[in-house]
Amino acid sequence: MKKKITSLYIHIPFCRHLCDYCDFTKMFYLPLYVKDYIKHLVKQIYNLKERKYKTIYIGGGTPTSLSPSLLEELLKALYIHKGKNTEFTIEVNPETMTKKKLLIMKKYGVNRVSLGVQTFDADLLKIINRFHSKRQVVYWINQFNKEGIKNINIDLIYGLPTQTLEKFKKDLLLATKLNITHISSYSLTVSKGTRFYNMKVKEVADDISREYYDLLYKVLKSNGFKRYEISNFAKNKNWSRHNLNYWNGGEYTGLGLGSHGYEEGVRYQNSTNIQEYLKGHYIVKQEKLTKKEKIEEYIMLGLRKENGLNKESFKREFREEIHCIFKNSLPDCIQNNLLCETKYSLKATYEGKMLLDQILIKMFLDL
Amino acid sequence: MFDQKRIRNFSIIAHIDHGKSTLADRILELTGSVDKREMKDQLLDSMDLERERGITIKLNAVTLKYHHTDGKDYTFNLIDTPGHVDFTYEVSRSLAACEGALLVVDATQGVEAQTLANVYLAVDNDLEIIPVINKVDLPSADSHHVREEIESRIGISCDKAIDVSAKTGLNVDKVLAQIVETIPAPSGDINAPLKALIFDSNYDSYRGVVINIRLKEGSVKVGDIIHLCAAEKDYQVTELGVRTPKEEKRDILYAGEVGYLCAQIKDIKDVHPGETITLRDNPTKTPLPGYRHINPMVYCGLYPVDSKKYQDLKEALEKLCLNDSSLVFEPETSQALGFGFRCGFLGLLHMDVVQERLEREYKIDLILTAPSVIYKVNMTSGATVFIDNPSKLPDPTLIKSIEEPYIKANIMTPKEYVGPIMELCQEKRGIYLDLEYFDETRMILNYEIPLSEIVYNFFDKLKSYSKGYASFDYELSDYRVSNLAKMDILLNGIPIDALSLIVYKPTAYNRGNAITRKLKEVIPRQQFEVPVQAAINGKVIARTDIKAVRKDVLAKCYGGDISRKRKLLEKQKEGKKRMKKVGSVEVPQEAFMSLLAIDDDE
């Protein structure tokens, strides 16, 4: 029996500015392509088999770089697939946001926004080539709230060049005072192909990254933001249901340049080449997962969650006890206080979450 | 019709890269022994590894037909020699099977120490030597200069020297003609009692040991009962033949000929190069001179990374031993590494080759401990013990003195590098013997150096001190008392037997520091802090700490990151497989050998 696909991801690769650290599929906003691109997306959206999704997520790039009319075209198409309780998220860049776009979002049922704030520190913003200001961010957060879009995430980054723990703490304290429900925070990763990589910017050492993280966790916790995934914190359980679907190993449809999808046990990627995409050559890579790979992903994702993974679900999914599969690594990690278990769940401890990659390698060796 | 006068037995002497194998290939081609189509480049070097490294490790002999300008057919036996300092004895034995040798010298490089050492071996064996100046097609070739060098430095006349290009085939025909004219035909009474020289052997699962022989006197036929003079064993000959290079069976071989012999010999350890074969019922009274039983010079521990592969490793070593009489091994247990073997090698290259073959042909991931020489330990009780594993050194209170092997090193270098090389030799505790001019530009340095210092990063340093121009040759000289002690390496407070080494006390502090620093570099950080200490007699002389990992987790993991991340972890997992858990610390397999590549002054 085919599983129902409950999540839909739409990628808008266009940006008015390219950020130095971003390694998502992205390109300058070229009007020549944008119109055509939206046309393709809209067609694909109409052709989707599922009627209603539990979550829809428009990410980028910069979705708000679209003109109001193109944005409307896209949202209108998606609206058909929105159910009553659908979580409908769009990533917002304060710089390209307008009142008009906000009203369009509201009209088509967007109920969650994610703002790529990264930092409020003016000097740091300059370093990462971002052109918004603290004031703009605060303004838009208020606007969204006023229009009833109250489920708001902001992204914060740590480990930037010249950033200090003090500066990061200031960002965190400011963020927690805002009228938002969710904070995601990541250490700077310098990936190949980014401007930072070419500038030979170094990631901070792991012990420093750890100090940032400890600070992050402490400040957010004491301000009511509870961690539910390694890098994600929410007030009053306003979790990102779309992202939780990833971490639960759920399937999803991905549309748009460079986006990934996972359907019927197959992970696929859409073309990253805009010309190819506009010829209708969407999916370029496909990979059917073996059972072993599925197990690997299941633990890799599941252990990122605060409460880890459910042992019963694991057993149902793979028809084997998790303890029988990870014979050596589980007792070892539990003994070393990296993992802990309750009757139903297996989860990484605080320390374990910090060293999750090491745990995973150990566990993979058992497979 | 057997005609001794129409046989020429010769080998080719050359420095690495001077073109020995290419010349051999051309000779094979010109004599029609090998179809051009079936020519693999450099046919004589048949092991992959040899071809990759451009060196010959296993000897080969091939019998060729040559139609000379006098209208007669001649039989050429080309006997190949290994070109490395680890195999000097083997070289001398294969040269003993010849009457002549081609001395191949690169016209762009000139004579090298290695060449010199092998030429002297040839001269010792009374061989007629034909100088062949190779690579004359290259723009930087200077044949005239090289000829002068050969005449003045080696003392061989270059009247008959030939300029060739083995690559293009230029003048290779002249070399063939010269072989007939210059190299004497073998002599030896075909009616005398059999005297055949073993110069090589290999193992074949159907026929047992296949021995390569040169008959010096008498004859041997299928069915004969032969007697190995040194091993004192008898066997019945089941097969005789020559290689052209395809095997051609013969019923009988006569004095002067080169061929192979099978006699259902099961153990290659009975068959040593230099050994004499005679007939049981009509034995020679005087076995051939020059036979030596050669012993391994360096030992190291060989352990499977995956302890389940112990049996596989054992079988692989047994198989390698079938073809390699100089490789020895015996089981050994290490607290750190579990079950493995202590293996003895002729030298570092030999060790490298064995390691690579085990990993490549038998697919066994290995941990090698740093190689050790054999120490002679004189006990206070008056007894003497030989130690090939540093961790087995007896308690210092029971030791009166420790002796270590010295070698006589012969280093040829352009004179501008003499200073740095002398410095290197001093640093390596070398004892200066003499320094002589080889020609206007080059000098030969003679030193006595402890073998353990040669094992420890000598080659690489010699290379860098001389920008690669120095060449090096050595032979074992004798054992001498040295101021030595065992240095223990402790990881997380636990001494790791596989990392123990015997060091020269006066420089132990530097060595200890260098080793602990190196280990800090090669051992990945663990989830806890790991102190690395070096200690002598329980006293810590150096320490560094490997800091604990504090954070190792992917920041973002969403839709697009999942496959990428899984694959990344898989890759890291493969790396982890090559690590060995020593106590509570994960140590990569290279860590053990990395100790060799340390510069004490760094």
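The values are calculated or read from the model by the stated rules, or taken from the named source; none is laboratory data. This structure is a prediction, so every number in the text was calculated from the model and none was measured. Positions of Cβ are generated from backbone atoms using ideal geometry, with glycine treated the same way; all protein chains shown enter the neighbour counts. Surface areas here come from the heavy atoms of the whole protein model, side chains and all, with no ligands, DNA or RNA. Shrake-Rupley method; radii C 1.70, N 1.55, O 1.52, S 1.80 Å.
Answer rounded, prolate or oblate for segment A:309-364, using the Cα gyration tensor with square roots of eigenvalues a ≥ b ≥ c: rounded when a/c is under 1.5, else prolate when a/b is larger than b/c, else oblate. The shape class here is prolate. The phi-based Karplus calculation (6.51 cos²θ - 1.76 cosθ + 1.60; θ = phi - 60°) puts the 3J(HN,Hα) values of segment B:531-537 at x, 10, 10, 10, 9, 10, 6 Hz, whole numbers, x for Gly and Pro.
The Cα atoms of segment B:348-467 give a gyration tensor whose axes a ≥ b ≥ c have a/c of 1.5 or more with a/b no greater than b/c, which makes the shape oblate. Projecting the Cα atoms of B:GLN526, B:LEU484, B:VAL328 onto the charge dipole of the protein assembly as shown, computed from C-beta unit charges around the Cα centre, puts B:GLN526 farthest toward the positive end. Counting only DSSP H runs of at least 4 residues, each contributing -39500 (n - 2.57), and dividing by the residue count of the protein assembly as shown, the helix-based mean residue ellipticity at 222 nm comes to -8500 deg cm²/dmol.
Counting only Cβ charges, +1 for Lys and Arg and -1 for Asp and Glu, the dipole size of segment A:309-364 around its Cα centre is about 140 debye. Note on B:ARG243: accessible area approximately 40 square angstrom, rounded to 10, probe 1.4 Å, nucleic acids and ligands left out.
With the convex hull drawn over the C-alpha atoms of segment A:78-206, the volume per residue is 130 Å³. With both residues required to sit in the protein assembly as shown, DSSP beta bridges show an antiparallel share near 70%.
Summarising the amide proton neighbourhood of B:ILE7: residues at separation of 5 or more, or on other chains, whose placed amide H is nearer than 5 Å comprise B:THR75. Could you give log10 I(q)/I(0) at q = 0.18, 0.19, 0.20 Å⁻¹ for segment A:137-272, computed by the Debye formula over C-alpha point scatterers of equal weight, without solvent? Taken in order of the listed q values, log10 I(q)/I(0) reads -1.16, -1.19, -1.21.
When accessible surface is computed with a 1.4 Å probe, chains B and A are found to bury approximately 3400 Å² between them, both chains counted. Indicate, rounded to the nearest 5 percent, the antiparallel portion of the DSSP beta bridges found entirely in chain B. Around 85 percent antiparallel, to the nearest 5. Here the contact order of segment B:290-347, divided by its residue count and restricted to Cα pairs under 8 Å and six or more residues apart, works out to 47 percent.
Rounded to the nearest 5, the antiparallel percentage of DSSP beta bridges internal to segment A:7-247 is 20%. How would you classify chain A from its alpha-carbon gyration tensor, with a ≥ b ≥ c the square roots of the eigenvalues: rounded for a/c under 1.5, else prolate if a/b is greater than b/c, otherwise oblate? Note, shape of chain A comes out oblate.
A Cβ-based charge dipole, computed about the Cα centre of chain A with Lys and Arg at +1 and Asp and Glu at -1, lands at about 1440 debye.
Residue order by solvent-accessible surface for A:THR349, A:THR290 is A:THR290, A:THR349, largest first, with ligands and nucleic acids left out and a 1.4 Å probe. Fully extending the segment from B:VAL305 to B:ASN446 would add 46.7 nm, taking 0.36 nm per residue of separation and subtracting the current Cα-Cα distance. Under 8 Å for C-alpha pairs, at least 6 residues apart: give me the relative contact order for chain A, rounded to a whole percent. Answer for chain A is 14 percent. In terms of Cα atoms, the Rg and Dmax of the protein assembly as shown work out to 37.4, 117 Å. Take the Cα of B:LEU435, step 7 Å toward its Cβ, do the same at A:GLU312, and the gap between the two points is 8.5 nm. For B:THR238, project a label point 7 Å along Cα to C-beta. Then give me every residue of segment B:251-283 with its amide nitrogen under 14 Å of that point. So the set is B:261-268. Phi angles of segment A:143-157 translate, via the Karplus equation with coefficients 6.51, -1.76, 1.60 and θ = phi - 60°, into HN-Hα couplings of 4, 4, 4, 4, 8, x, 8, 9, 8, 10, 10, 10, 9, 10, 10 Hz per residue; Gly and Pro are given as x.
The smallest convex shape that holds all Cα atoms of chain B, its convex hull, gives 190 Å³ per residue.
At 1.4 Å probe size, put B:THR75, B:THR413 in order of accessible surface, largest to smallest.
So the residues, ranked largest to smallest area, are B:THR75, B:THR413.
When the solvent-accessible surface of protein heavy atoms is calculated with a 1.4 angstrom probe, in what order do B:MET1, A:MET199 fall, highest first?
B:MET1, A:MET199
Each of A:THR349, A:CYS19, A:PRO31 was placed along the dipole of chain A (beta-carbon charges, centred on the mean Cα), and the one lying farthest toward the positive end is A:PRO31. Other residues lying with their Cβ under 15 Å from the Cβ of B:ASP312 contribute a combined charge of +1, Lys and Arg counting +1, Asp and Glu -1.
When chain A is treated as a Gaussian network with alpha carbon springs shorter than 10 Å, the biggest mean-square fluctuation among A:PHE326, A:PHE88, A:PHE225 belongs to A:PHE326. Helix B:348-360 and the longest principal axis of the C-alpha atoms of chain B enclose an angle of approximately 80°. The amide H of B:TYR469, built 1.01 Å from its N in the peptide plane, has no neighbour under 5 Å, considering only residues 5 or more places off or on other chains. Taking amide hydrogens as placed 1.01 Å from N in the peptide plane, the amide H of B:LYS400 sits under 5 Å from those of B:ASN378, B:MET379, B:THR380, each at least 5 positions away in sequence or on another chain. May I ask which residue of A:ILE299, B:HIS18, A:ALA234 lies farthest towards the positive end of the charge dipole of the protein assembly as shown, with charges of +1 (Lys, Arg) and -1 (Asp, Glu) on Cβ and the Cα centre as origin? Checking the options against the dipole of the protein assembly as shown, the answer is A:ALA234. Out of A:SER187, A:SER345, A:SER65, any idea which swings most in a Gaussian network model of chain A, alpha carbons joined below 10 Å? Result for chain A, Cα springs under 10 Å: A:SER345 fluctuates most. Taking one quarter of the surface of the C-alpha convex hull of segment B:319-400 gives a mean projected area of 6.4 nm².
Charge dipole of the protein assembly as shown (Cα centre as origin; +1 on each Lys and Arg Cβ, -1 on each Asp and Glu Cβ, all else neutral): 8740 debye, rounded to the nearest 20.
Within the listed set A:ALA122, A:ALA205, A:ALA175, the Gaussian network model of chain A (springs between alpha-carbon atoms below 10 Å) gives the highest mean-square fluctuation for A:ALA205.
Under the combined filter of DSSP loop state and at most 15 neighbouring Cβ atoms within 10 Å, segment B:159-259 retains these chymotrypsin sites (Phe, Trp or Tyr not before Pro): B:TYR206.
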